[in-house]
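The values are calculated or read from the model by the stated rules, or taken from the named source; none is laboratory data. Fair warning: this is a prediction, and the values are worked out from it, not measured in the lab. In this analysis, Cβ positions are derived from the backbone assuming ideal geometry, glycine residues included, and neighbour counts consider all displayed protein chains. Surface areas here come from the heavy atoms of the whole protein model, side chains and all, with no ligands, DNA or RNA. Shrake-Rupley method; radii C 1.70, N 1.55, O 1.52, S 1.80 Å.
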Amino acid sequence: VISSNLRKQPLINELMDARPPMARGAAAGASIIRAIATFLLQCDEHADYFKRLRNRIEQLCVERPLEENHLVKEVLHLLILLSLDADDFSDLIQLASDIKSTLGALQEGQGDDPMTRYSIVNPSTAAIAADVVMAVGDQTLDQIDWCIAHVKMEFTADAEVDEKLLKLEDAMYMRLKTMMTIITTLCQTLLEGPTAEKLIKLLQKCFKTLLALTKLQLQSSHSLTKDFGEVVRIAGGPLSTAMYNFLTTFGQRVDYAESKGKRKQGSSGGNKAKAKIIRESKMIPALIFTVEQYERFLLQLSKKSKVNLMKYTKRSTARDFKIKIEHIVDQEEEESDTENLKAAMDARSESPAEGSTAKRVRH
């Protein structure tokens, strides 16, 4: 079965080379291969086959600038599945970097490289690729949460730390540090709309995981590990800096021109814009609250361990975000008042007597 599906991988190329391209058939083929791979990846005897399959899928992603969203989603999920099974995060890290290069960096000087490795990540598919990377990140954080819960049951104050538990911890820390690095890259990317909202949700989940990990360390009588210190450093340094920059831009990014045009046609456009602002204004404080909870328990851990972990943290600016959201709403109201005033002035200028009065006012 595995050999048969390995031979089907070039069929994806054949279907896409057809005129017209048979993207749905290619996507279905990739979906079938992913389902079989998910089921049989635990079998060691198929390791060589899956290594070959990964190389061929990677070659497809590098060489083919696919633009059909469903096919791109299936192929990228398959590539990441085969890579993570081998504990290889290089493909996931490279995808995040290519997404940033394609969509653009949020700020200048963030190391955005115009060159990309994967042709499958292009202006037509970069948002889909970002959704795939964040979906994998969400699943990985779920796995890390499971590891934390498992370690919490086994890792008691009086229990001896066995080798299996240490390996589990090492794998947990490695994946968490990788996920934070990838999320940092996405925070430095010019994401918009639903994709940006998904990133905020992923950030909140990441800090919930960090909170659970900090609580675990508080309950343990063992000394803090180097890996935990590195996690705290990444969370308080690169991740937090990129996150706050992203949230500031996200909170201020409102398409006033579009909402103004919709308000001229009717009130539904303005109501939609305000509903979006309200939704976003709830997401950001929820994230900031989780960050502050993490920092609160980190402070407790610093006092208990007598290790200054707070030197890595950057204090949250939740109040600033709230002010900016209110400023956006006020600015919309001011624009509406300005439009009404302009309309009234135009109506008055139609009358000669009132027009001369308007001239005197201008003088």
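If packing is taken as the mean number of other Cβ atoms within 10 Å per residue, what is the order of 175-183, 298-306, highest first?
Numbers: 175-183: 21.1, 298-306: 14.9.
Ranking, from highest mean packing down: 175-183, 298-306.
From the protein chains alone at 1.4 Å, what is the descending order of accessible area for 208, 100, largest first?
Working: 208 110, 100 15 Å².
Descending order: 208, 100.
Which order, highest average first, do 287-293, 164-170, 77-83 follow once you tally other Cβ atoms within 10 Å for each residue and take the mean per peptide? Mind showing how you got there, number by number?
Working: 287-293: 18.9, 164-170: 13.0, 77-83: 21.3.
Averaged packing, sorted descending, gives the order 77-83, 287-293, 164-170.
Going through the cross-link list 100/303; 100/282; 201/226; 167/215, which pairs have a Cα-Cα distance over 31 Å in this structure? Each step should come with its number before you reach the end.
On the way: 100/303 39 Å; 100/282 26 Å; 201/226 28 Å; 167/215 20 Å.
Over 31 Å apart, Cα to Cα: 100/303.
For the stretch 53-139, what does the accessible surface come to per residue with a 1.4 Å probe? Please give it in Å².
Heavy-atom SASA per residue in the stretch 53-139 reads 41 Å².
Rounded to whole Hz and in sequence order, give me ³J(HN,Hα) for the stretch 70-77 from the Karplus expression 6.51 cos²θ - 1.76 cosθ + 1.60, θ = phi - 60°, writing x for Gly and Pro.
5, 5, 4, 4, 5, 5, 5, 4
Ignoring ligands, DNA and RNA, what percent of the accessible area of the stretch 191-241 is carbon or sulfur (1.4 Å)?
On the way: 1050 of 1980 Å².
On the stretch 191-241, the fraction of accessible area on carbon and sulfur atoms equals 53 percent.
For the pairs 51/164; 208/311; 152/311; 198/311, flag any whose C-alpha to C-alpha distance is greater than 22 Å. Walk me through the numbers on the way to the answer.
Details: 51/164 26 Å; 208/311 20 Å; 152/311 26 Å; 198/311 29 Å.
Going by Cα-Cα distance, 51/164; 152/311; 198/311 fall outside the 22 Å limit.
As a test of reading the structure, rank 174, 153, 134 by solvent-accessible area (1.4 Å probe, protein chains only), most first.
Values: 174 75, 153 135, 134 10 Å².
Correct descending sequence by accessible area is 153, 174, 134.
Would you tally the net charge around residue 129, using a Cβ to Cβ cut-off of less than 9 Å, leaving residue 129 out, and scoring K and R as +1, D and E as -1? Don't jump to the answer; show the numbers that get you there.
On the way: positive: 73; negative: 98, 131.
So the surrounding residues net to -1.
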